[in-house]
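Report on the following structure.
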Amino acid sequence: MVYASYTTGFKSGLYNTNAPLDPAVRPQTVGAAEVGFKTSFFDRRLQLNGSAFSYQFNDIQLRKATGSSGGTTSLLNAAKGWSRGFDMTLQALPTSRLSIQAGFEVLSTKIYFAVVGASHD
């Protein structure tokens, strides 16, 4: 089986309850694309699955420590970011009592911390 998907999502904007006079942060959005495959061989005793994916984030919500003790935080929107990678999994059933599983993932992520609408310290 081969598949492809594209989805979108969001995390709603919110207020910082620890600093109610701070402005609300904007909603965070994500666009997610994925392509992959799922295979099985030898009467399903060997399965190999793989996928490649890419996520594009906008208005990432993050917390920034303020004050010297770090106990107070501000909510901010970072500009954007992305995450890309691929993963593979293998499952083998050589006997009815033995299962072998392996997997790996390669991931690359970048977040642009230029804060939108805020001064830089």
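Strands (runs of 3 or more DSSP E) fully within the range 12-67 that include at least 2 residues being over 27 Å from residue 110 (Cα atoms) and in contact with a strand residue (DSSP E or B) (Cβ under 9 Å, 6 or more places away or on another chain): 28-41, 46-58. Could you tell me whether residue 40 is among the hydroxyl-bearing types (Ser, Thr, Tyr) and either open to solvent by 60 Å² or more (accessible area, probe 1.4 Å) or free of Cβ contacts under 8 Å to residues at least 12 places away in the same chain (or both)? Taking the combined requirement at face value, the residue satisfies it.
Determine whether residue 7 is open to solvent by 70 Å² or more (accessible area, probe 1.4 Å), of a type in the set (Val, Ile, Thr) and part of a loop (DSSP other than H, G, I, E, B). The answer is no for residue 7.
Remark: residue 22 falls outside the filter, which requires a residue to be open to solvent by less than 60 Å² (accessible area, probe 1.4 Å), touching a residue at least 24 places away in the same chain (Cβ under 8 Å) and under 26 Å from the mean Cα position of the chain (by Cα). Taken together, 84, 97 contain a single residue that is modelled with pLDDT of 80 or more, open to solvent by 90 Å² or more (accessible area, probe 1.4 Å) and within 29 Å of residue 11 (Cβ to Cβ), which is 84.
The values are calculated or read from the model by the stated rules, or taken from the named source; none is laboratory data. On a predicted model such as this, the values are computed, not experimentally measured, just so you know. For neighbour counting, all protein chains shown are included, and Cβ atoms are generated from backbone atoms with ideal geometry for every residue, glycine included. For accessibility, only protein heavy atoms count, side chains too; no ligands or nucleic acids. Shrake-Rupley method; radii C 1.70, N 1.55, O 1.52, S 1.80 Å.
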